[in-house]
Amino acid sequence: MERIRKGEVRALARAISVIEDSAPESTALLKSLFAHSGKARVIGLTGAPGAGKSTLVDHLAREYRKQEKTVGIVAVDPTSPYTGGAILGDRIRMQAHHADPGIYIRSMATRGFLGGLARTTNDVATALDASGKDIILIETVGVGQDEVDIVRLADITVVILVPGMGDDVQTIKAGIMEIADIFVINKSDREGADRVEREIRAMQTLAIRKDQWTPPIVKTVASEGKGITDLAAVISNYEKFLQQKNLLLKKKISNWQERLVEMLRDALLDRLINERMQKGDVARLAADVAEHRRDPYSLVEEIVNTYTGLGDRGIG
């Protein structure tokens, strides 16, 4: 714990491995880490595949290092169907940072978890926070309309779009458009960048956010480092807006409300399957349902009542 708080890379790497693997000691470790977290600013970057998220994160990290801020990067990748590991790795992504002790980079596999994040991304962010990182950049898997779990983890969500991908904004507006605190049009030197901007502006006129913030649009060419300073400035402006309006705490409360429900669901399910049900029970019950000997609705109700002991009494 003390080594992690001092920012020792090897200790942090071991801790994150323990967390990712859900090892028995991970819960005790996270309890200790949480007490020292809460100071870092968590920035989520999401967008469709091919939007240039990795390159943008790379240059944004460099910008924050120029400001003498320490940075933790969590790059969530698709899962290899063969090894279960991340298909892309931090060695491929951001080799230029390997000698910088102020940057820690970790690739995570989704391991089949939906929503654009891995199951333990939140916990890994807690570890980076406790290690003293000022900024945590979380790059999600390329997302579509509803893979927007990043909004429940990040303080600030950046949605990255690129021109030339067909009906750009209309294609994804049903989900991802609503979560953006800041829009980035990357590869803005391509034809169609102005059209994407007009589409975003048009959509913003249709719905006003409850917090009265209008997400700004930043044009970048991340491969050349263009627009990155502007993006960092806009992120800083939004952070000031949240603080002035006292919205940061409200956002965190809302995020933790959903996170606690998720944690309870996972913990109860794990306990039910690992401690209360015998090996082979699920397969036997599945056969009963498949052969229509039982209906799944009564079966689930019975399992909840029997194995949890809650019945109709509720909790407490």
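Of the residues making up the stretch 2-17, just one is exposed (fewer than 14 other Cβ atoms within 10 Å of the Cβ), modelled with pLDDT under 90 and of a type outside the set (Asp, Glu), namely Lys6. Checked against (1) out of contact with any helix residue (DSSP H, G or I) (no Cβ under 9 Å at 6 or more places or on another chain); (2) assigned by TED's automatic domain parsing to the domain that holds Val57; (3) in a helix (DSSP H, G or I), Ile208 passes all but a single condition, namely (3).
To keep it simple, each residue is scored yes or no on (1) of a type outside the set (S, T, N, Q); (2) part of a loop (DSSP other than H, G, I, E, B); (3) in contact (Cβ under 8 Å) with a residue 40 or more places away in the chain.
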| site | (1), (2), (3) |
| --- | --- |
| Thr214 | no, yes, no |
| Asp230 | yes, no, no |
| Ser236 | no, no, no |
| Trp256 | yes, no, no |
| Leu260 | yes, no, no |
| Asp270 | yes, no, no |
| Glu275 | yes, no, no |
| Gln278 | no, yes, no |
| Leu285 | yes, no, no |
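If the condition is being assigned to a loop (DSSP other than H, G, I, E, B) and either under 20 Å from Val76 (Cβ atoms) or at pLDDT below 90 (or both), then the stretch 26-48 contributes Ser37, Ala40, Ala48.
Given Ala174, Ala130, Ala222, Ala109, which one is of a type outside the set (Val, Ile, Thr), modelled with pLDDT of 90 or more and over 21 Å from Tyr238 (Cβ atoms)? Only one candidate qualifies: Ala130. Considered as a group, the residues in the stretch 216-228 that are in contact with an Asp or Glu (Cβ under 7 Å, 6 or more places away or on another chain) and not in a helix (DSSP H, G or I) include one that is farthest from Asn186 (Cα to Cα), and that residue is Ile217.
The values are calculated or read from the model by the stated rules, or taken from the named source; none is laboratory data. The structure displayed is predicted, hence computed values, not measured ones. Cβ coordinates were reconstructed from backbone atoms using ideal geometry, including for glycine residues, and neighbour counts include every protein chain displayed.
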